[in-house]
Structures are given as C-alpha cells and as structure tokens.
Amino acid sequence: MNNRRVLVAVVDDDASVRTALGRLLRSASHDVETFSSGAEFLESVKEHQPDCVVLDLHMPQVSGFAVQTRLAESGIRLPTVVITGYDAEATRERALAGGAAAYLRKPVDGQALLDAIAAAVSPNGGLRPEPCCEQT
C-alpha cells in the first residue's frame, strides 16, 4: 500500500465504542471519522466516501443492515468491516451476503480489526473467494 493514510469511518451508536475505535485506528496511522447513527453516515457519503467503514449492525432507526442495503442501492461499494455485540450465524451470513469484507464480534480485538481493515482496503478490495467465515 502507498503512503496515503486510510480514512476509516466508524459507525456505532455507542459513544464509548466510537471513542475507543477512533483511538485505536489513529494509533495505527489511519484518519478517522465517527458517526453516531447510520443516517448520519449515509448523509456524509453524499459528500465524500471513506476508504473503509467499520459498521455496527444493531443501531436504532437505521441499522447496519439498512446502511449496507442503501449503499448497495446507491451503487456505492465501500469496504465494510461489520462489528456486532449480538452474534448469531444468521446475522453473520446476512452481513457477509450484504458485502461485508469481515465480521467481528464485540468486544473487538484491536489487531483483528486492524488486520480486517488492511485486508478490506487491499488492492483486491478485501474480496475473498468464499465470504463465509469470520476473520479473527
């Protein structure tokens, strides 16, 4: 990867999660934007797009699943790392089928998240032959 800093959007309704992930990503030399709702994030992508989005699935009003759907409907392909505190096989399958490059459970392991972001923004776009398994 070149020397350009990666811009990562963190979308989570939990302020403590946004703060912690922002610190982690900045410590890894990423630029970070945080959003407290899916609606706020979707509004921002009309103006500019990050290189990757770290997306919580379970948020009020506009869920992470709804964000994935609206991005796809708009033709916006953003590498997405899904994070969730409510892990279930059906949730994992739905997130990956919706285009997520990785699926991680909260509390998120910092190195696993950094690795997932690196893979998602790599030249192959984080695409895997079979998006069936979570990255750890």
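The values are calculated or read from the model by the stated rules, or taken from the named source; none is laboratory data. Since this is a predicted model, take the numbers as computed values, not measurements. Because the Cβ atoms are built from the backbone with ideal geometry, glycine has one as well, and the counts that use them run over all protein chains shown.
Filtering the stretch 21-63 to residues that are among the hydroxyl-bearing types (Ser, Thr, Tyr) and crowded, with 19+ Cβ neighbours inside 10 Å leaves only THR34. Residue count for the stretch 61-108 satisfying the condition of being under 16 Å from SER37 (Cα atoms) and in contact (Cβ under 8 Å) with a residue 40 or more places away in the chain: 4.
Of the residues LEU7, LEU25, LEU21, the single one that is touching a Pro at 6+ places or on another chain (Cβ under 6 Å) and within 18 Å of VAL121 (Cβ to Cβ) is LEU7.
Of all the listed residues (ALA39, ALA101), the sole one being more than 20 Å from ARG26 (Cβ to Cβ) and under 10 Å from the mean Cα position of the chain (by Cα) is ALA101. Are any residues in the stretch 1-20 exposed (fewer than 15 other Cβ atoms within 10 Å of the Cβ), assigned to a helix (DSSP H, G or I) and of a type in the set (A, V, I, L, M), and if so, which ones? Within the stretch 1-20, just ALA15 meets the criteria. When ALA20, ALA15, ALA9 are screened for being touching a helix residue (DSSP H, G or I) at 6+ places or on another chain (Cβ under 7 Å) and of a type outside the set (Ser, Thr, Tyr), only ALA9 passes. Of the residues GLU130, GLU93, the single one that is out of contact with any Asp or Glu (no Cβ under 7 Å at 6 or more places or on another chain), loosely packed, with under 14 Cβ neighbours inside 10 Å and at pLDDT 80 or above is GLU93.
Being farther than 16 Å from LEU25 by Cα and of a type outside the set (Val, Ile, Thr) is a property that LEU96 has.
Anything in the stretch 20-30 that is free of Cβ contacts under 8 Å to residues at least 12 places away in the same chain and within 15 Å of ILE83 (Cα to Cα)? List them, or say none. ALA20 - this is the single residue of the stretch 20-30 that is free of Cβ contacts under 8 Å to residues at least 12 places away in the same chain and within 15 Å of ILE83 (Cα to Cα).
Filtering the stretch 96-125 down to residues that are touching a strand residue (DSSP E or B) at 6+ places or on another chain (Cβ under 7 Å) and of a type outside the set (A, V, I, L, M), which residue is surrounded by the most Cβ atoms within 10 Å (Cβ to Cβ)? Ranking the candidates gives TYR103 first.
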